[in-house]
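Here's the structure, in structure tokens; my notes come after.
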Amino acid sequence: MIDITQIPFELGLVEAALTHGQQLYVRTSDEVAHVAVDGIVTVLHTFDAQSPLAFKGLVLVGDDLMTIDRPLGATPILTSVSLQGEVERYPAVPLHHPSGLTVLAGQPVVSDQQPPLTKFLLGTAGARVPVDARNLTHWEVSGDELVYSDAIGLHQGHPTNPRTVMKRTGILTFDLAGHCVIQKLEEGRSVFEVVSAGTSRTVTEVNRPAALHRLSGETFVRFRNQIAPALMPDALETLPKATDLGTVAEVCGGLSYLDDDRQLRWSADGIYWKTFEPAIRASDVVPVNELELVLTGRRASAWVRSAAP
């Protein structure tokens, strides 16, 4: 079991969060802000009116917080906000519909959708990684390598020299330990194949989205609100009170989400759950790191900190 501390703060609609130097930094719908351990908020930058449902993201590169300015009816712009609030924009990065932001080899990398293709743009000069993912399903960064799955298979490698490591259609998701989930059709119905430790097992009558989670040292597969060990994907357990399931976060070796009663749930095995009363009226969970998350609502949020179990 875990114990948690909740630090309420007066910012709502947090979309992304990270910690640096024991401080919390958040991206809300229209702000980048710093949250101290006593809950005091310092707004570093306020953007003009933002597109409400568009991806924005937040990562730390050196001493700069990188995010995406998504002005209403205008072109998205990769933007940095220093820890002191100084702002710099990078219009040389040619964005259309950015859908992801992370750090690769010390530089920001943005996934930019131009359906059915997704392009990866590296750095603040807009260098294009020489790959186009067709119908991208999942992507991650490992050290200085980019790993992604699309309509034709699984690919990885340094951005300047990617290679296909698995030619297979239907990959929905994967992890860096070699597990993946594949969807295929058999007699007109969807069948999901879970590949784990060199074995392959099929599951039927489950729903997307599919995700892989690492809980207490074991890999689990989740189909929407059902979860099972990846080696036994048909031994599914239903997450309690999770018909209206939002974001699911891995924290403190387990899994957390807000249930239908807006209570925070946590489990190390997907079977036994601990319930916490949020300090604010929360509507979603925002992952921060292995030990922390943010509960966010329309008017306020709470920084949730936990110790290792």
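Applying 1/(1 + (r/R0)^6) with R0 = 30 Å to the Cβ-Cβ distance of residue 189 and residue 232 gives a FRET efficiency near 0.90.
Within the accessible surface of the range 229-278, defined with a 1.4 Å probe on protein heavy atoms only, the carbon and sulfur portion equals 51 percent.
Hull volume per residue, based on the alpha-carbon atoms of the range 24-119 and their convex hull, is 102 Å³. Taking 0.36 nm per residue of sequence separation and removing the Cα-Cα distance, the residue 274/residue 99 pair yields an extension gain of 59.7 nm.
Annotation: per residue accessible area for the chain equals 47 Å², rounded to a whole number [probe 1.4 Å, protein chains only]. Shape analysis of the range 42-97 based on the Cα gyration tensor places the equivalent ellipsoid semi-axes at 19, 13, 10 Å, largest first. Considering only alpha-carbon pairs that sit under 8 angstrom and 6 or more positions apart, the relative contact order computed for the range 82-184 is 15 percent.
The share of accessible area on the range 95-158 that comes from carbon and sulfur is 49 percent, using a 1.4 angstrom probe. Residues of the range 46-86 with backbone nitrogen within less than 18 Å of a virtual label 7 Å along the Cα-to-Cβ line of residue 283, please, listed as ranges. The answer is 49-57. For residue 119, the aspartates and glutamates whose Cα falls under 13 Å of its own Cα, not counting residues fewer than eight places away in the same chain, are 132, 150.
Magnitude of the charge dipole for the chain, about its Cα centre and with charges confined to Cβ atoms of Lys, Arg (+1) and Asp, Glu (-1), is about 660 debye.
The range 175-223 and the range 3-24 have Cα centres separated by 32 Å.
Think of each Lys and Arg Cβ as +1 and each Asp and Glu Cβ as -1; about the Cα centre, that makes the dipole of the range 176-227 roughly 180 debye. Highest mean packing comes first when the peptides 133-141, 219-227 are listed by Cβ atoms within 10 Å, giving 219-227, 133-141.
Each listed q (0.20, 0.24, 0.25 Å⁻¹) maps to a log10 I(q)/I(0) for the range 93-169, found by the Debye formula over equal Cα scatterers with no solvent: -0.79, -1.15, -1.25. Within the straight-line cut-off of under 16 Å between alpha carbons, the aspartates and glutamates reachable from residue 241 are 259, 260, 261, 277, 284, sequence neighbours fewer than 8 places apart in one chain being disregarded. D by Stokes-Einstein for the chain, Kirkwood Rh over Cα pairs, 4 °C, 1.567 mPa s: 63 µm²/s. Sequence-distant contacts, meaning Cα pairs under 8 Å at least 6 residues apart, place the relative contact order of the chain at 14 percent.
The protection proxy used here, the mean number of other Cβ atoms lying within 10 Å of each residue, ranks peptides 153-162, 298-307, 277-286 as follows, highest first: 298-307, 277-286, 153-162.
The values are calculated or read from the model by the stated rules, or taken from the named source; none is laboratory data. Here the structure is a predicted model, which is why all the values come from computation and not from measurement. Glycine also receives a Cβ, built like all others from the backbone with ideal geometry; neighbour counts cover every protein chain displayed. The protein model used for the area step is the full one, side chains on, heavy atoms only, and it has no ligands, DNA or RNA in it. Shrake-Rupley method; radii C 1.70, N 1.55, O 1.52, S 1.80 Å.
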